[in-house]
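Here is the structure we will look at.
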Amino acid sequence: MPMKILVPVKRVLDYNVRPRVKPDGSGVDLANVKMSMNPFDEIAVEEAIRLKEKGVADEIVAVSIGPAKAQETLRTALAMGADRAILVEIDQDVEPLGVAKILKAIADEEQPALIVMGKQAIDDDANQTGQMLAALLDRPQGTFASAVTVEDDQVSVTREVDGGLETVRLSLPAIVTTDLRLNEPRYASLPNIMKAKKKPLETKSPADYAVDVVPRLKTLSVTEPPVRQAGVKVGSVDELVAKLKDLGVTA
Ligand code: AMP
């Protein structure tokens, strides 16, 4: 029987934009910079669409927790091929545990057989939400997926682990987090972008799910990485060796 897939997508600083730290060191400056869907989440949307194209899934629900502008991220997911979307609107940043609690409440309501999400968001690099959600829902998880195959009521997930690949088989319902090599996400075509404007997008608030999103963590300071020293060109191998010796580098 075809199943429902839930795909959480986060609006983040576009991966091509160089982050600038706010002058007071309280965080990254997001004013007037390009924001996009977290790249790992694009991979998750693509994988869900491929499962739908194979007839394994019949409905894809995209969900985002964030500001009103996260609607754009959801419209992108809809233009790629998701069927409907839920925006849980909140202006402050929500930590992975808060996101996982909201996603749990949505999963309880929607009962998806599969939740496909990014292994990490490239803004906080937390790599926590999928694992926390699996724990809260008490469902099996296949993280860092580079291949996903659904057969009957099971999903096989090939995982990228140190020094090779590991394949785990999970009973559905389950959670899969995507790694970079799982697939190459499609671009939304213009007709699909137009069609996406008419697809259903529901707006909710964290209170609708009775989830407390008060931060548990305090950011003490955010700093730029140290500026790299300029290099020098040497004229010969002998000069290079002499310089390395000066620096105390030995073979
Ligand atoms: P993280 O644990 O923050 O690195 O995020 C891992 C994954 O959780 C992301 O790739 C998204 O799929 C999902 N996620 C995290 N934050 C949000 C959010 N605010 N809205 C929707 N999905 C999210």
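Can you list the trypsin sites (Lys or Arg not before Pro) in segment 38-68 that are in a DSSP coil and have 16 or fewer other beta carbons within 10 angstrom? Walk me through the numbers before you get to the answer.
Details: sites: R50, K52, K54; in loops: K54.
Passing sites in segment 38-68 are K54.
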Cut-off 11 Å, label 7 Å out along Cα→Cβ of E166, residues of segment 8-42 by amide N: none
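Over the chain, what percent of the accessible surface lies on carbon and sulfur atoms, probe 1.4 Å? Walk me through the numbers on the way to the answer.
Details: 7580 of 14560 Å².
Using a 1.4 Å probe with all protein chains present, the chain comes out at 52 percent carbon and sulfur.
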Estimated 222 nm signal from helices in the chain, with DSSP H stretches of n ≥ 4 weighted -39500 (n - 2.57), rounded to 500: -8000 deg cm²/dmol
Rounded Å value of the spacing that divides the Cα centres of segment 170-242 and segment 63-106: 15 Å
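Please report the equivalent ellipsoid semi-axes of the chain, computed as sqrt(5 x eigenvalue) of the Cα gyration tensor, largest first, in whole Å.
Details: eigenvalues 278, 113, 71 Å².
Computed over the chain, the values are 37, 24, 19 Å.
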Cβ-Cβ FRET estimate between N127 and M194, R0 fixed at 41 Å, reported to 0.05: 0.70
Relative contact order (%) - the chain, alpha-carbon pairs under 8 angstrom, separation at least six: 23 percent
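Please figure out what share of the DSSP beta bridges in the chain is antiparallel and state it in percent, rounded to the nearest 5.
Values: 18 of 44 bridges.
That works out to approximately 40 percent antiparallel.
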Segment 14-43 versus segment 128-163: alpha-carbon centroid distance in Å: 27 Å
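Rolling a 1.4 angstrom probe over the protein heavy atoms, how many square angstrom per residue are accessible across the chain?
Values: 14560 Å² over 251 residues.
On a per-residue basis, the chain sits at 58 Å².
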Gained length - L30 relative to E109, 0.36 nm times residue gap less alpha-carbon distance: 25.2 nm
Choice from G231, G142, G98 showing the highest fluctuation, given a GNM over the chain with Cα pairs closer than 10 Å: G231
Hull-based mean projected area of segment 40-140, where the convex hull spans the alpha carbons, in square nanometres: 6.0 nm²
Loop-located trypsin sites (Lys or Arg not before Pro) in segment 194-230 whose Cβ has at most 10 other Cβ within 10 Å (DSSP): K197, K198, R216, K218, R228
Max mean-square fluctuation residue, GNM over the chain, Cα-Cα springs under 10 Å, options P215, P39, P23: P23
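The values are calculated or read from the model by the stated rules, or taken from the named source; none is laboratory data. This is a predicted model, so every value here is computed, not measured. All Cβ positions, glycine included, derive from the backbone under ideal geometry; neighbour counts span all protein chains shown. Protein only, heavy atoms only, side chains kept; ligands, DNA and RNA dropped before computing areas. Shrake-Rupley method; radii C 1.70, N 1.55, O 1.52, S 1.80 Å.
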